[in-house]
């Protein structure tokens, strides 16, 4: 380990510690320190103040006072970058990081297979009424199977909200396996870009009215918060299947519960919640036409390995002054170059698509 090594810290687990360790073994210029939430507070504070990089745990496991917010940034004067565990970064104060000249990166795409398969599995389970069948069969005698007639996915219309890596892979699975027509709502892609990802670009209103299956894969931002409420569910087909594996807060959970109670839609699959994990008293838990999972769509063994190795590789590139492959706030780059050079002693490269 070099004396002038870059310092990187993380708490508890790196999803797959061995995968990350294997990557970092090749990087003698980076010192990785493993911290514990219940460790000595003064030591943790000192380690964070020395750190150049902070690998942040997922929101579900992350605890105060280690959220990457303005308060932490003021305590960590040597930070040049923070990284989320997976694709989501809503628990990172990107605005505060950008103002401070700190880069934010994520792991978008590294768990796309896991999440896409989970979304597809939810669609199948809900449309075939597997949830109701399982629960009723366990508690009833002489169950009438004709009360549990489901619907097929073959040839139906899939509406994808957010056509990034996960949304694109979900669309591909449905198109290839079930010959589905794919429509997508993503305001950040034009018609040509949407078409290249295998979908027809539509507005949200059209998607809600035409889709037989709706799957949500957009990030949670100010514009997507409460995107799905009472009006959106009432605009859907009465036999629509709604699935979200994106982020809690995009869907108004009370509105979804009411729509399910009133049979405004056939059913739903929900992997993400505003408060995680949700308790048994949550409004969706009493309903049989919803499949709920504890935000674990993207944490298969393979995905954990991919996210951990991918994030480690990105850290090596970033701390050596290169452009990271999954940059969340590119607008920070000129200010980041100045901060990085001041702290690290050399200047990072220019962004390929930005003159600095």
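The values are calculated or read from the model by the stated rules, or taken from the named source; none is laboratory data. Bear in mind that the values here come from a model prediction, so they are computed numbers and not experimental data. FYI the Cβ positions are ideal-geometry reconstructions off the backbone, even for glycines, and counts take in every protein chain you see.
Just a few scattered comments:
- Number of residues in segment 169-188 that are in contact (Cβ under 8 Å) with a residue 24 or more places away in the chain and in contact with a strand residue (DSSP E or B) (Cβ under 7 Å, 6 or more places away or on another chain): the value is 9.
- Of all the listed residues (275, 237), the sole one being modelled with pLDDT under 95 and part of a loop (DSSP other than H, G, I, E, B) is 275.
- Among the residues making up segment 294-323, those that are part of a loop (DSSP other than H, G, I, E, B) and either out of contact with any helix residue (DSSP H, G or I) (no Cβ under 6 Å at 6 or more places or on another chain) or crowded, with 21+ Cβ neighbours inside 10 Å (or both) are 294, 295, 296, 297, 298, 299, 320, 321, 322, 323.
- Looking only at residues in segment 133-168 that are buried (at least 18 other Cβ atoms within 10 Å of the Cβ) and either assigned to a helix (DSSP H, G or I) or free of Cβ contacts under 8 Å to residues at least 12 places away in the same chain (or both), the one that is farthest from the chain's Cα centre (by Cα) is 168.
- Residue in segment 174-194 that is within 24 Å of the chain's Cα centre (by Cα), within 19 Å of residue 114 (Cβ to Cβ), surrounded by 18 or more Cβ atoms within 10 Å (Cβ to Cβ) and modelled with pLDDT of 95 or more present: yes
- Of all residues in segment 329-356, those that are at pLDDT below 95, within 28 Å of the chain's Cα centre (by Cα) and surrounded by 13 or more Cβ atoms within 10 Å (Cβ to Cβ) total 1.
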